[in-house]
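S.K.: I'd like to ask you about the structure that follows.
The values are calculated or read from the model by the stated rules, or taken from the named source; none is laboratory data. Worth saying up front: this structure is predicted, and the values here are computed from it rather than measured. Ideal geometry is used to build each Cβ from the backbone, glycine not excepted, and the neighbour counts take in all protein chains shown.
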């Protein structure tokens, strides 16, 4: 398996898509119940295949990721062959980047002391989607990229 198995909730939310996937494998609802009951390894294999297919589709569409903590901010722009990163560390304990007030403060005080800002880019270590998946597993979330674009313009 390339990624991780979808959760029960994710499978429930993708019930129709999973049914279409099974149909493409010539497996109808009756056959699926029989496979789940009698051939759990085959059922798991089908679920893994579907999970990888879903993850691959989602990851291919990712363009921006964000990872926040109270004092650290990682913003990523994911292009076809390279990933761009803006990293900000705040050395002011009163500011919490996980709040709207903290982000507002950051945007208005990017040039002040007490901030460490790094920006750079690198080619992917493995496949693009695998690298993006690793960032998601570490807590990054998929975003629209608005914050990346704002901060990138302010530090340029």
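S.K.: May I ask you to list the residues in the stretch 114-155 that are assigned to a loop (DSSP other than H, G, I, E, B) and in contact (Cβ under 8 Å) with a residue 12 or more places away in the chain?
M.R.: Matches in the stretch 114-155: 114, 124, 138, 139, 140, 144, 145.
S.K.: Return yes or no: is residue 103 within 20 Å of the chain's Cα centre (by Cα), farther than 25 Å from residue 6 by Cβ and surrounded by 15 or more Cβ atoms within 10 Å (Cβ to Cβ)? Give the derivation first.
M.R.: Working: within 20 Å of the chain's Cα centre (by Cα): no; farther than 25 Å from residue 6 by Cβ: yes; surrounded by 15 or more Cβ atoms within 10 Å (Cβ to Cβ): yes.
No: the conditions fail for residue 103.
S.K.: Residues in the stretch 33-54: is at least one within 17 Å of the chain's Cα centre (by Cα), within 21 Å of residue 138 (Cα to Cα), modelled with pLDDT under 95 and not in a loop (DSSP other than H, G, I, E, B)?
M.R.: No, there is no match, as no residue in the stretch 33-54 is within 17 Å of the chain's Cα centre (by Cα), within 21 Å of residue 138 (Cα to Cα), modelled with pLDDT under 95 and not in a loop (DSSP other than H, G, I, E, B).
S.K.: For the condition farther than 16 Å from residue 63 by Cα, out of contact with any strand residue (DSSP E or B) (no Cβ under 6 Å at 6 or more places or on another chain) and modelled with pLDDT of 95 or more, what is the one hit in 122, 138? Reasoning before the result, please.
M.R.: Working: 122 fails: farther than 16 Å from residue 63 by Cα.
Answer to the check: 138.
S.K.: While we're on this one: Keeping to the stretch 58-95, report how many residues are surrounded by 16 or more Cβ atoms within 10 Å (Cβ to Cβ) and either assigned to a helix (DSSP H, G or I) or in contact with a strand residue (DSSP E or B) (Cβ under 9 Å, 6 or more places away or on another chain) (or both).
M.R.: The first filter runs over the stretch 58-95 and keeps only residues surrounded by 16 or more Cβ atoms within 10 Å (Cβ to Cβ), leaving 59, 62, 64-68, 71, 73-78, 83-86, 88, 90, 95.
Next cut, either assigned to a helix (DSSP H, G or I) or in contact with a strand residue (DSSP E or B) (Cβ under 9 Å, 6 or more places away or on another chain) (or both) only: 59, 62, 64-68, 71, 73-78, 83-86, 88, 90.
Residues in the stretch 58-95 being surrounded by 16 or more Cβ atoms within 10 Å (Cβ to Cβ) and either assigned to a helix (DSSP H, G or I) or in contact with a strand residue (DSSP E or B) (Cβ under 9 Å, 6 or more places away or on another chain) (or both): 20 in total.
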